[in-house]
Amino acid sequence: MDTATTGDINIPADIAATLVDPVAYADDRIHDSYRWLRANNPLGIAQPEKFDPFWVVTKHAHIQAISRQNDLFHNADRPTTLTNRALEERVRKITGSPNLVRSLVQMDAPDHPKYRALTQGWFMPNNLGKFEGRVREIARATVRRMLDRGGACRGIAFRVAARLRHDTIAYLRAREQTTNVYREVMRSVWLENAARDRVSALAYVVDRGHVQYAGRLSLAEQQRLVLQGYGRSGNNRDYVLSTVAAIEKQGLRDAQLHQLAAMLHDAGPLHRDARAADDVDPN
């Protein structure tokens with residue numbers, strides 16, 4: 001056992017609360033909590049409100065040691081997901097066990113090794129490698145669908161003085177709503193300050209019913225449309241490249257947008273040539 005675990009093994013209440021907070025898994029708070037635990041209490045007990053106490057193991061060596069001692073550490077005694085007392089009691093009344101289903105992760109010996117033997121071969125590296133391409137394709141498509149329906153955005157939150165509120169909103173509407181492709185909504189925003197404050201902020205999100213909404217497009221199709229696009233402010237290629245440059249200055253990165261920008265950079269500006277051709281007098 002690490003020396004860090006020989007003192008107080010109780011995890012601080014705020015860290016314990018984060019571990020059972022679903023919202024914490026959608027932002028960086030959960031990672032901050034685990035970093036703190038690995039550094040200060042890698043093998044501790046969490047006692048969040050409305051939950052039975054549970055051990056939290058955050059170091060790889062400890063996890064390996066536990067996984068090798070099946071006679072001491074069991075799967076089926078407690079829920080395999082973070083479940084509060086009320087929900088666990090309800091599940092026990094329905095199934096007679098702490099879990100709704102009984103799969104490999106909820107089994108102990110002697111059943112676990114028998115069922116594992118039936119399927120283990122399929123999960124060996126050589127067999128899994130045969131499906132890598134398909135799995136990656138499904139994963140990318142799933143992430144695109146999730147982002148299309150909402151997703152998340154990391155950026156900058158601006159605090160505006162109350163006396164400037166109306167003027168600021170008027171400016172944003174004039175800049176962003178030229179074709180009303182966005183919906184003006186209030187959204188919860190988690191600030192990256194020490195307190196991880198949650199505030200309500202004005203945001204513009206796409207109207208999925210608008211005629212200009214493109215939906216899910218492949219990168220190749222995005223590239224084709226951007227290269228042929230030209231608006232009142234110039235060509236779309238330059239707009240995308242300038243957007244990427246701007247977010248990079250803020251220390252941010254969007255994997256798909258950066259990949260599209262690289263493709264546009266390699267392709268070169270096509271629309272400029274098209275406009276030049278339009279200006280030529282055919283006579």
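Of the conditions (1) more than 30 Å from VAL23 (Cβ to Cβ); (2) loosely packed, with under 14 Cβ neighbours inside 10 Å; (3) modelled with pLDDT of 90 or more, GLN223 fails just one. Which one is it? Here GLN223 clears every test but (2).
Scanning the range 179-206 for residues that are exposed (fewer than 14 other Cβ atoms within 10 Å of the Cβ) and part of a loop (DSSP other than H, G, I, E, B) yields a total of 8.
Within the range 54-69, is even one residue within 14 Å of GLN106 (Cβ to Cβ) and of a type in the set (D, E, K, R)?
The first filter runs over the range 54-69 and keeps only residues within 14 Å of GLN106 (Cβ to Cβ), leaving none.
The answer is no; no qualifying residue exists.
Collect the residues in the range 130-155 that are part of a helix (DSSP H, G or I) and either loosely packed, with under 10 Cβ neighbours inside 10 Å or of a type in the set (A, V, I, L, M) (or both), keeping them in residue-number order. Steps first, please.
Taking the range 130-155 first, the residues part of a helix (DSSP H, G or I) are 132-148.
Answer for the range 130-155, where residues must be part of a helix (DSSP H, G or I) and either loosely packed, with under 10 Cβ neighbours inside 10 Å or of a type in the set (A, V, I, L, M) (or both): GLU132, GLY133, ARG134, VAL135, ILE138, ALA139, ALA141, VAL143, MET146, LEU147.
Got a number for residues in the range 244-256 being part of a helix (DSSP H, G or I) and exposed (fewer than 14 other Cβ atoms within 10 Å of the Cβ)? The qualifying residues number 6.
Does the range 77-93 contain any residue that is surrounded by 14 or more Cβ atoms within 10 Å (Cβ to Cβ) and closer than 17 Å to ILE15 by Cβ? Yes, the range 77-93 has at least one match.
For ASN180, state whether it is of a type outside the set (Phe, Trp, Tyr) and at pLDDT 90 or above. Yes.
Here is a yes/no grid of residues against (1) out of contact with any helix residue (DSSP H, G or I) (no Cβ under 9 Å at 6 or more places or on another chain); (2) over 23 Å from ASP28 (Cα atoms); (3) touching a residue at least 40 places away in the same chain (Cβ under 8 Å):
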site: PHE131; (1), (2), (3): yes, yes, no
site: ARG159; (1), (2), (3): yes, no, no
site: LEU164; (1), (2), (3): yes, yes, no
site: MET186; (1), (2), (3): yes, no, no
site: ARG198; (1), (2), (3): no, no, no
site: LEU202; (1), (2), (3): no, no, no
site: HIS210; (1), (2), (3): yes, yes, no
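Residues in the range 97-118 include at least one that is assigned to a loop (DSSP other than H, G, I, E, B), more than 29 Å from VAL20 (Cβ to Cβ) and without any contact (Cβ under 8 Å) to a residue 24 or more places away in the chain. The one condition from (1) in contact with a Lys or Arg (Cβ under 6 Å, 6 or more places away or on another chain); (2) closer than 30 Å to ASP254 by Cα; (3) not small (Gly, Ala, Ser) that PRO98 does not meet is (2).
Of all residues in the range 103-110, none are at pLDDT 90 or above, of a type in the set (Ser, Thr, Tyr) and surrounded by 11 or more Cβ atoms within 10 Å (Cβ to Cβ). Kindly provide the set of residues from the range 212-221 that are in contact (Cβ under 8 Å) with a residue 12 or more places away in the chain and either within 23 Å of ARG175 (Cα to Cα) or not in a helix (DSSP H, G or I) (or both), ordered by number. Answer for the range 212-221, where residues must be in contact (Cβ under 8 Å) with a residue 12 or more places away in the chain and either within 23 Å of ARG175 (Cα to Cα) or not in a helix (DSSP H, G or I) (or both): GLN212, TYR213, GLY215, ARG216.
The values are calculated or read from the model by the stated rules, or taken from the named source; none is laboratory data. Since we're looking at a predicted model, the values are computed, not measured. A quick note on method: Cβ atoms are made from the backbone with ideal geometry, for glycine too, and the neighbour counts reach across all protein chains shown.
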